[in-house]
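The block underneath contains the structure these notes are about, expressed in structure tokens.
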Amino acid sequence: DTEGLLRIKEENQKHYRRAQRHQEKKEKIQRHNRKLGDLVEKKTCDLRTQYEHLAKLRRAHILELTSVIFPIEEVKTSMRDPADVSSESDSAMTSSTVSKLAEARRTTYLSGRWVCDDHNGDTSISITGPWITLPNNGDYSAYYNWVEEKKTTQGPDMEHNNPAHTISAALCYATQLVNTLSLILDVNLPKKLCNRQCIFTAFCFLYIFVWCFNSEFCGENLSRHKFTRAVKKLNANILHLCFSQHVNLDLLHPLHTLRNLMYLVSPDSENLGR
């Protein structure tokens with residue numbers, strides 16, 4: 001029994017010494033994990049700082065791009081509201097009649113159906129200058145109506161102020177701007193719009209600006225189906241960029257091409273460049 005007790009004591013001492021070694025290893029691993037945690041936290045802060053710096057650079061480049069080459073502005077186009085004139089001339093007009101007139105002004109007949117448009121008839125959005133605008137309500141029927149009319153009319157087109165030309169140019173510039181914004185923001189666009197015959201020129205020192213002389217909108221006259229499909233692709237790309245930059249969803253409308261772009265590149269947007 002005494003010999004057995006001695007053996008048990010020796011084994012207990014071995015286990016105790018082994019437990020001490022394991023405790024030392026545990027403390028060493030904990031110290032190493034703390035060092036790694038501090039390093040990861042420091043790297044995370046550095047990465048966050050770099051993201052903020054990159055966002056500021058992107059924001060500066062986008063604001064320079066939209067102020068020098070692609071300025072987007074709101075242009076007032078409407079005259080005085082006929083409902084206001086009528087209400088002034090007829091003092092007996094009821095409030096329900098006024099509200100119905102106001103509701104009618106916010107409704108547009110677009111592609112065979114009535115759609116609600118709060119900015120109907122008030123403004124249009126210009127790009128690269130006040131002479132190149134798009135209808136604010138997204139009604140681009142003037143383009144394919146002109147194309148269909150050209151098919152039946154022979155001879156050169158002498159209408160330099162044709163709204164179809166303005167719509168085509170504005171959509172072409174919008175496509176160029178969207179493609180450039182996707183490069184600056186490093187965001188892949190969900191829809192691909194054809195751009196051919198491109199010339200690459202340096203811009204803003206840090207990125208390449210793509211100038212396309214022959215885009216899908218500025219090439220040959222498109223049929224109604226092709227034109228509508230191209231516009232839907234462009235609108236989808238713009239909305240995708242707006243979502244990536246956390247633009248307020250209440251401001252967006254799926255048919256407002258240039259207005260959505262204007263909200264996207266607005267200097268008041270806090271998340272631009274994220």
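The values are calculated or read from the model by the stated rules, or taken from the named source; none is laboratory data. Remember, predicted model here, so these are calculated numbers, not experimental data. The area values use the complete protein model at the heavy-atom level, side chains included, leaving out ligands, DNA and RNA. Shrake-Rupley method; radii C 1.70, N 1.55, O 1.52, S 1.80 Å.
A simple rule links phi to the HN-Hα coupling: the Karplus curve 6.51 cos²θ - 1.76 cosθ + 1.60 with θ = phi - 60°, which for the range 176-192 gives 4, 5, 5, 5, 5, 4, 5, 6, 5, 7, 6, 10, 6, 7, x, 10, 9 Hz, with x for Gly and Pro. Determine which lysines satisfy two conditions relative to residue 150: a Cα distance under 18 Å, and not lying fewer than 8 residues away in the same chain. Answer for residue 150, where 18 Å is the Cα cut-off: 226, listed by chain and number. Rolling a 1.4 Å probe over the protein chains gives residue 224 an accessible area of about 110 Å².
Amide H contacts of residue 125 (H built 1.01 Å from N, in plane; Pro and chain starts excluded): 75, 134, 136 sit under 5 Å, all sequence-distant by 5 or more or on other chains. In this view, the solvent-accessible surface of residue 222, computed with a 1.4 Å probe and all protein chains in place, comes to about 20 Å². Scalar couplings 3J(HN,Hα) for the range 132-140, obtained by applying the Karplus form with A = 6.51, B = -1.76, C = 1.60 to θ = phi - 60°, are 10, 10, 10, x, 5, 8, x, 8, 9 Hz; x denotes Gly and Pro.
For residue 243, the solvent-accessible surface computed with a 1.4 Å probe is close to 110 Å², ligands and nucleic acids excluded.
Contour minus end-to-end for residue 17 and residue 248, with contour as 0.36 nm per residue of separation and end-to-end as the Cα-Cα distance? Display every interim value, and only then the final one.
Details: separation 231, 0.36 × 231 = 83.16 nm, distance 6.49 nm.
Gain on extension, residue 17 to residue 248, equals 76.7 nm.
Backbone amide hydrogens, once placed in the peptide plane, bring residue 216 within less than 5 Å of 194, excluding anything fewer than 5 places away on its chain. The phi torsions of the range 35-48, fed into the Karplus equation with coefficients 6.51, -1.76 and 1.60 and a -60° offset, translate into couplings of 4, 5, x, 5, 5, 4, 5, 5, 5, 5, 5, 4, 5, 4 Hz, rounded to whole numbers, with Gly and Pro shown as x.
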